1. How far apart, in nm, are two points set 7 Å out from the Cα along the Cα-to-Cβ line at Thr205 and at Lys169?
2. Assuming R0 = 22 Å, can you tell me the calculated FRET efficiency for the pair Lys16 and Asp148, based on Cβ-Cβ distance, to the nearest 0.05?
3. Measure of size requested: the Rg and Dmax of the chain, with Cα atoms as the atom set and Å as the unit; please supply both.
4. Listed here are the pairs Lys222/Lys272; Lys15/Lys242; Lys204/Lys279; which of them are more than 29 Å apart at the Cα?
5. Charges at C-beta only: +1 for Lys and Arg, -1 for Asp and Glu. How large is the resulting dipole of the range 212-256 about its Cα centre, in Debye rounded to 20?
6. State to the nearest 20 debye the size of the charge dipole of the range 2-172 about its Cα centre, where the only charges are +1 on K and R beta carbons and -1 on D and E beta carbons.
7. Cross-link list Lys142/Lys302; Lys16/Lys297; Lys17/Lys302: which exceed 24 angstrom alpha carbon to alpha carbon?
8. Please work out how much length the chain gains when fully extended from Gln125 to Phe88, using 0.36 nm per residue of separation minus the C-alpha to C-alpha distance, in nm with one decimal.
Amino acid sequence: MSNVGIIGLGHYLPKKKLTNADLEKLVDTSDEWIITRTGIRERRVAGRKERTSDLAVRSARQALSDAKLDPAGLDLIIVATISPDSNFPSVACLVQKALRADNAAAFDISAACSGFLYALTTAKQFILSGLYRNALVIAAEKITNFIDWNDRSTCILFGDGAGACVLSKVKGPRGIISDYMHAQGRFGDLMMVKSADREPLDQKTKTMQAPRIAMQGKELFKVAVNSMADAATVAVQKAGMKLDDIDCVVPHQANDRIIAAVAKKLGLPKSKIFVNIDKYGNMSAASIAVALYEAVKQKKIKRGSNVVLVTFGAGLVSAANVVKW
Ligand code: COA
């Protein structure tokens, strides 16, 4: 029996840390408020000259080395990102060039914080169909490009980073067992980047406005909890398993209280839920990819573990996969 599985993992985090104490100097907030309301203590911020593709390439090299695969052996590169270097070329093409993965097709996926799982499920189909053998899936974000550093309700939440994995056919009862992708466009207004083409010119100053994240946090919180709990439940059912069979849940890291509420809804102990939001905040698509990398390195996920990856994001889009490690 063969399935599609993850045969290598990588990650990259920019060196610069932005702590809650640093944010206290920028906006009217406190370390205590941020920790209690979100669980975040610090996040990473990419350097001025560091682009999303730079983060992506570093995580990709580590994943390829972990998989012991030469870049020439890649047939497909998918990058999940909502913060590409520019509209085109795609980040995936920039990665292909940097790696000299000349035999690969390459494209980006835009599914906000659900991007990594959307990309994972997409890449899996290409391998299952027999069209491709080896795929590189990367989630990379320089989301701080879209932060309004005067808005205390959003600037405390986000950070930059990247995670990557190599997918290939694996033998035995392991690999990505089930997939679930969903979208609820009616909730699109709850979180968006107000893009320059909608309101390009500040009417007062007559200068171009930079695109910035706008969010209705409280409303988003409720939809997030329900969407993630629903997505995890469906993926576990599709895998022919019960929630009791799950050893580790790797959820999107948006807010520690959202994660706790999802665990409660699913009836799972928090000991089975992997959390690293305290160190990185919300890295959008990259959050799950980095969390998966760390959960494996910390041996929270071992050979044979039944793992649920589950996420939600702006759009609103949600997704989940069950993976047998
Ligand atoms: N520091 C101090 N006070 C803050 C603050 C900050 N950084 N941000 C907001 N506040 C204030 C508000 O102004 C409000 O004050 P008021 O009561 O005087 O009006 C108060 O704290 C409560 O604000 P509220 O928005 O109700 O807080 P909350 O408990 O809902 O927490 C979020 C805010 C953003 C942390 C929370 O709603 C959340 O995480 N939502 C989901 C966001 C998300 O996941 N986004 C990413 C999607 S992928």
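The values are calculated or read from the model by the stated rules, or taken from the named source; none is laboratory data. In this text, all values refer to a predicted model and were calculated from it rather than measured experimentally. Glycine gets a Cβ as well: all are built from the backbone with ideal geometry, and neighbour counts include every protein chain shown. Protein only, heavy atoms only, side chains kept; ligands, DNA and RNA dropped before computing areas. Shrake-Rupley method; radii C 1.70, N 1.55, O 1.52, S 1.80 Å.
1. My value for the distance between the label points is 5.7 nm.
2. In this case the efficiency is close to 0.70.
3. 18.9, 65
4. The pairs that break the limit, which is 29 Å between Cα atoms, are Lys15/Lys242; Lys204/Lys279.
5. Roughly 280 debye for the range 212-256.
6. In debye, rounded to 20, the range 2-172 gives about 540.
7. Lys142/Lys302; Lys17/Lys302
8. In short, 10.8 nm is gained.
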